[in-house]
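The values are calculated or read from the model by the stated rules, or taken from the named source; none is laboratory data. None of the values given here were measured: they were computed from a predicted structure. Here the Cβ positions follow ideal geometry from the backbone for every residue, glycine too, while neighbour counts run over all protein chains shown.
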């Protein structure tokens, strides 16, 4: 769990490592405490295969450098800050079409029918703008959600920070980092070798090994 | 972006000029060849003309963005599909989506109240000011009775009223009523913006500018009444100039700032028709879990729009990543990441 305060030159980064999630749901509760969307939890917490495993996985907005959600928004309601944070939809503009919900490659934005609005994680702007850790990362006991400097990560964690993803032919670079062991192997191809459903073969054990 | 941002958009320019021509024609014809046009309001007319040009220009440019153009087309297609039924549904949609704004009340009652106060205050002010400015509305004495007036819309005489009656008071103080409504809303908004850390964190300069503009217009307008009723007209000329300036600047700000959402928001009606039509069409089925997750039409529309805005989610060997449901997208990312760190745990 992290709770430090960062200075303006620290350049802290957000890191998500789904493989470390222990499913405590602290992030789900903490997310609803975020000042910019109080009462609404916008983080996703999936059960990988409820029938055979307790494994869970969180998903926050990855804050793409060229956000698909913003590009497909007909109302031009999704803006990016100078720091690269893709903000939730501007309330006066969002017309509730759900284009962003359906186009986001990470499956992040939520359409809230009561408000007729899209809402999504804005990396706790109220906290990060003051050097504080985002709510979810501040309560994550397994550091699946982590916020700190790159140097700190290298000193205390294993694996490499990585932020290039491949969705079919589309490469996406994000502000949020993930963790992988083999950084030299290129972008994280989300479709590589994953042809089964979670229920059929959650860990890809039954797939043929590559020749 | 292939077009230089420095170049004016021709279609936007054309629509802007059409808007200006319509306003000028309306003024000329509506004021009976300028007979009832009040020259003292010429500054306001300039503001209205600029606002109409700016709004039409920006609207035309906005409608050309690929996702906006697609939604605009689909919204109208959906409306025409069942025209009679959709026309019948329109008043209810306008009432819920545009006038009563219940979706804001569900977010916060204070925000809804503030928005309603500002909304109805501005509508009232616009209904009075714009026809007056264009010379479409004027008042005439009834016969020799100085305390009775008749409302004229262009050359057509409509209702008569006693200046001393409640109706008369409202007629001459409608803009004061509007100013009080707007000010009440502005103060509620300001209170939230200055006290809520979440609101302050995502504050944009435009949020305060819009509130400051509404405040300036309302207060300077109320001071005109204060001057004429209680100060025997002292400072009226200076106050009048200040008020005119705030209104004209406000009108000029309309196309550029936060208040442009007034013109964007009706797009929500198109979305409502689009969603209703899509609900009755075939669903899109997730390529991974096989479950329906959206309308096939919207997914097809997105797949058409995405290449136009520079994205290629097609999959080598066939298929498209956009045919995956959001939940399975999160699954894909999770499984791929865990595979690159040697599995879960």
Within the bounds of region B:228-240, is there any residue that is under 31 Å from the mean Cα position of the chain (by Cα), more than 9 Å from chain A (Cβ to nearest Cβ) and in a helix (DSSP H, G or I)? yes
Which condition number in (1) in contact (Cβ under 8 Å) with a residue 40 or more places away in the chain; (2) over 30 Å from residue B:189 (Cβ atoms); (3) within 14 Å of another protein chain (Cβ to nearest Cβ) is the one that residue B:62 fails? (2)
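Per-residue answers, yes or no, for (1) buried (at least 23 other Cβ atoms within 10 Å of the Cβ); (2) touching a strand residue (DSSP E or B) at 6+ places or on another chain (Cβ under 9 Å):
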position: A:86; (1), (2): yes, yes
position: A:109; (1), (2): yes, yes
position: A:114; (1), (2): no, no
position: A:143; (1), (2): no, yes
position: A:147; (1), (2): yes, yes
position: A:155; (1), (2): no, no
position: A:179; (1), (2): yes, yes
Which one of these is outside any loop (DSSP other than H, G, I, E, B) and surrounded by fewer than 17 Cβ atoms within 10 Å (Cβ to Cβ): B:189, B:223, B:170, B:161? B:170
Determine which single condition residue B:293 fails, assuming it passes every other condition in (1) part of a helix (DSSP H, G or I); (2) modelled with pLDDT of 95 or more; (3) in contact with a strand residue (DSSP E or B) (Cβ under 9 Å, 6 or more places away or on another chain). (1)
I'd like the full set of residues that are over 26 Å from residue A:128 (Cα atoms) and either crowded, with 18+ Cβ neighbours inside 10 Å or touching a strand residue (DSSP E or B) at 6+ places or on another chain (Cβ under 9 Å) (or both), limited to region B:192-214. B:210, B:211, B:213, B:214
Out of region A:127-141, which residues are part of a loop (DSSP other than H, G, I, E, B) and either crowded, with 24+ Cβ neighbours inside 10 Å or more than 10 Å from chain B (Cβ to nearest Cβ) (or both)? A:131, A:133, A:134, A:140, A:141
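Give B:60, B:51 a once-over and let me know the one that is under 28 Å from residue B:309 (Cβ atoms), assigned to a helix (DSSP H, G or I), modelled with pLDDT of 95 or more and within 17 Å of the chain's Cα centre (by Cα). I'd like the intermediate steps shown before the answer.
Values: B:51 fails: under 28 Å from residue B:309 (Cβ atoms).
It is B:60.
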Go over the candidates B:322, B:298 one by one and state the one that is over 30 Å from residue B:213 (Cβ atoms), buried (at least 19 other Cβ atoms within 10 Å of the Cβ), facing chain A (nearest Cβ under 8 Å) and over 26 Å from the mean Cα position of the chain (by Cα). B:322
Inspect region B:27-35 for any residue being more than 14 Å from chain A (Cβ to nearest Cβ), assigned to a loop (DSSP other than H, G, I, E, B) and in contact with a helix residue (DSSP H, G or I) (Cβ under 8 Å, 6 or more places away or on another chain) and give the result as yes or no. yes
Can you report the number of residues in region B:66-118 which are outside any helix (DSSP H, G or I) and within 18 Å of the chain's Cα centre (by Cα)? 2
Would you check which residues across region A:23-42 are surrounded by 22 or more Cβ atoms within 10 Å (Cβ to Cβ) and away from chain B (no Cβ under 11 Å) and list them? A:27, A:31, A:42
Checked region B:267-288 for anything within 11 Å of chain A (Cβ to nearest Cβ), surrounded by 16 or more Cβ atoms within 10 Å (Cβ to Cβ) and in contact with a helix residue (DSSP H, G or I) (Cβ under 8 Å, 6 or more places away or on another chain); matches are B:267, B:268, B:269, B:270, B:271, B:272, B:274, B:278, B:284, B:286, B:288
Checking the conditions here, which among B:293, B:263 is within 30 Å of the chain's Cα centre (by Cα) and either over 26 Å from residue B:58 (Cβ atoms) or more than 10 Å from every other protein chain (Cβ to nearest Cβ) (or both)? B:263
Residue ID - nearest to the chain's Cα centre (by Cα), chosen from residues in region B:14-28 that are farther than 16 Å from residue B:51 by Cβ and surrounded by 13 or more Cβ atoms within 10 Å (Cβ to Cβ): B:14
Go through region A:114-126 residue by residue and tally those that are at the interface with chain B (Cβ under 8 Å from one of its Cβ atoms) and outside any strand (DSSP E or B). 6
Inspect all residues belonging to region B:75-83 and state whether any of them is crowded, with 19+ Cβ neighbours inside 10 Å, under 30 Å from residue B:140 (Cα atoms) and away from every other protein chain (no Cβ under 14 Å). no
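In the set A:74, A:67, A:105, A:92, which member is modelled with pLDDT of 95 or more and farther than 18 Å from residue A:172 by Cα? Please lay out each step first, then the result.
Numbers: A:67 fails: farther than 18 Å from residue A:172 by Cα; A:105 fails: farther than 18 Å from residue A:172 by Cα; A:92 fails: modelled with pLDDT of 95 or more.
None of the other options fit; the residue is A:74.
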